[in-house]
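K.L.:
Got a structure here, written out as structure tokens. Questions coming.
Where a number appears in this text, it was derived from the coordinates with a stated rule and is not lab data. Source: prediction; values computed, not measured. Cβ sites come from the backbone with ideal geometry, for glycine too, and all protein chains shown count toward neighbours.
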Amino acid sequence: MTNIHRSEVIRLYKTLLYMGRDYPLGYPYFRDRCHRAFAKNREERDATKVATLLRHGHFVVAEMEALYFLKKYRTMKRRYYPEEQVDAQIDAKLKNIRDLEPDDGKKNKNL
Amino acid sequence: MALRALVGCKRVIDYAVRVRVKPDKTGVVTDGVKHSMNPFDEIAVEEAVRLKEKKVVSEIIAVSCGPAQCQETLRTAMAMGADKAIHVEIPSPQYETLQPIHIAKIMAKLATDQKADIVILGKQAIDDDCNQTAQMTAAFLDWPQGVFASKIDKEGDGLTVMREIDGGLETIKVKLPAVISADLRLNEPRYATLPNIMKAKKKPLDKKTPADLGVDLKPRIQVLSVEDPPVREAGAKVADVDELISRLKALGRI
């Protein structure tokens, strides 16, 4: 494969696998889906299309970071703070981060 | 004035893991269980890194006390932005009886040795939930403390700390050096990315033993028994209102 994006694609794949170790549904679940998503586009030779796919990959990385942060934050809040003590300040802060929890399972399929 | 920050990071059972109690009730099962950095300590590390980005802090030293695996936790802290780390090596049998008072003594000694101006700790660990280390460290050092911090600002030669207290917030001014403990809403910790983990492997990690620091690890508290929380009793279905009323009467509720 002679592709200007080759090293970047490999780096993205490694980053995703590294992040997948913390995936709520388990590492094998994530690894298989991630591998499938990359395999699906293995024949892609068009540099601009590869760049689009890479951008999407980086987007997934950012979404996963947000998912992990939210999941941890919500668990801590549920465990240590009584229900009624909802803090408007942080909720406003979090409004910008997209809520990922409902589509946990399906978001990697369209990688 | 650039400050030196000392940050504590405890290695605890991961928050997402279901904790199981050992059958002999001496503790919880830790073998083969995923561990990670205490979430409140992540917040403490993040705050130190943010203070460094604001040029308030010049150097961040991460500290962890415990068995060899704690070095992974320290790597994570360094990947998040700590400059160097100190691992206080404590073998497993002693680690099981290690209590906040010992950690506080170790932190106090290290803060003096490393000439730290600010000690930032998580308010409590999610495994033993002691919530004592920051307070005890401040007492041993005889420094002011700002615990349960939800906002920290540099002001003059001190800090203004907004604290989470029952039913509201309290803003206090502390002089430096000071001990701070991080509450949940202080900040949103960043993720330790793969390239940063790799870079963190090159950062210096010192090893020390409690004996080097002159701390006696004799336990002050004895754990009598560790038990599961009570299981909720199963409910029962009733066919109609009359049965419900008769059941409630039988229980003496109405």
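K.L.:
Once you sort the root eigenvalues of the Cα gyration tensor of the protein assembly as shown as a ≥ b ≥ c, which label holds: rounded (a/c under 1.5), prolate (a/b larger than b/c) or oblate (the other case)? Numbers along the way, then the final one.
P.N.:
Numbers: a/c = 1.58, a/b = 1.04, b/c = 1.52.
The shape class here is oblate.
K.L.:
Non-local amide H neighbours of B:Val7 (under 5 Å, H modeled in plane, Pro and chain starts lacking H): which ones?
P.N.:
Placed amide hydrogens put B:Ile61, B:Ala62, B:Val63, B:Ile120 under 5 Å from B:Val7.
K.L.:
Something else: So which helices of chain B fit the span-like rule, where a helix is a whole DSSP H run, its Cα atoms reach 18 Å or more along the axis, and its mean Kyte-Doolittle is at least 0.0? Walk me through the numbers on the way to the answer.
P.N.:
Working: long enough: B:39-53 (21 Å, -0.29); B:100-113 (19 Å, 0.56).
Sorted by number, the helices that extend far enough and score high enough are B:100-113.
K.L.:
Related question: Whole-Hz Karplus ³J(HN,Hα) for region A:23-28, in order, using 6.51 cos²θ - 1.76 cosθ + 1.60 and θ = phi - 60°, x for Gly and Pro?
P.N.:
4, x, 8, x, 5, x
K.L.:
Search the structure for amide H atoms under 5 Å from the amide H of B:His35, placed 1.01 Å from N in the peptide plane, and list their residues when 5 or more places away or on another chain.
P.N.:
HN-HN under 5 Å from B:His35: B:Asp14.
K.L.:
List the residues whose amide H sits under 5 Å from the amide H of B:Val28, counting only those 5 or more places along or on another chain, with H placed 1.01 Å from N in the peptide plane.
P.N.:
Residues meeting the amide H criterion: B:Lys22.
K.L.:
Right, another one. Setting aside same-chain residues fewer than 8 positions from B:Lys249, which lysines have a Cα under 21 Å from its Cα?
P.N.:
Straight-line reach from B:Lys249, under 21 Å: B:Lys237.
K.L.:
Round to a whole angstrom and tell me the spacing of the C-alpha centers of region B:96-167 and region B:1-52.
P.N.:
If you average the Cα positions of each part, the centres end up 15 Å apart.
K.L.:
Here's a follow-up. Taking Cα pairs under 8 Å and at least six residues apart, what relative contact order does chain B come out at, in percent? Could the numbers behind the result be given before it?
P.N.:
On the way: 497 pairs, mean separation 58.5, N = 254.
Reported relative contact order: 23 percent.
K.L.:
Please average, across the residues of A:71-80, the number of beta carbons from any other chain that are within 10 Å of each residue's own beta carbon, and give a whole number. Can you show the working numbers first?
P.N.:
On the way: counts 2, 8, 6, 0, 4, 6, 2, 0, 5, 8.
Mean partner shielding for this stretch: 4.
K.L.:
Using packing as a proxy for protection, rank B:174-182, A:66-74 so that the peptide with the highest average count of other Cβ atoms within 10 Å comes first. Walk me through the numbers before you get to the answer.
P.N.:
Numbers: B:174-182: 23.0, A:66-74: 17.4.
Result, highest mean first: B:174-182, A:66-74.
K.L.:
Sticking with this structure for a sec: Residue by residue through region B:222-237, what is 3J(HN,Hα) from phi via Karplus (6.51 cos²θ - 1.76 cosθ + 1.60, θ = phi - 60°)? Round to whole Hz and write x for glycine and proline.
P.N.:
10, 7, 7, 7, 10, 10, 5, x, x, 7, 5, 6, 5, x, 9, 8
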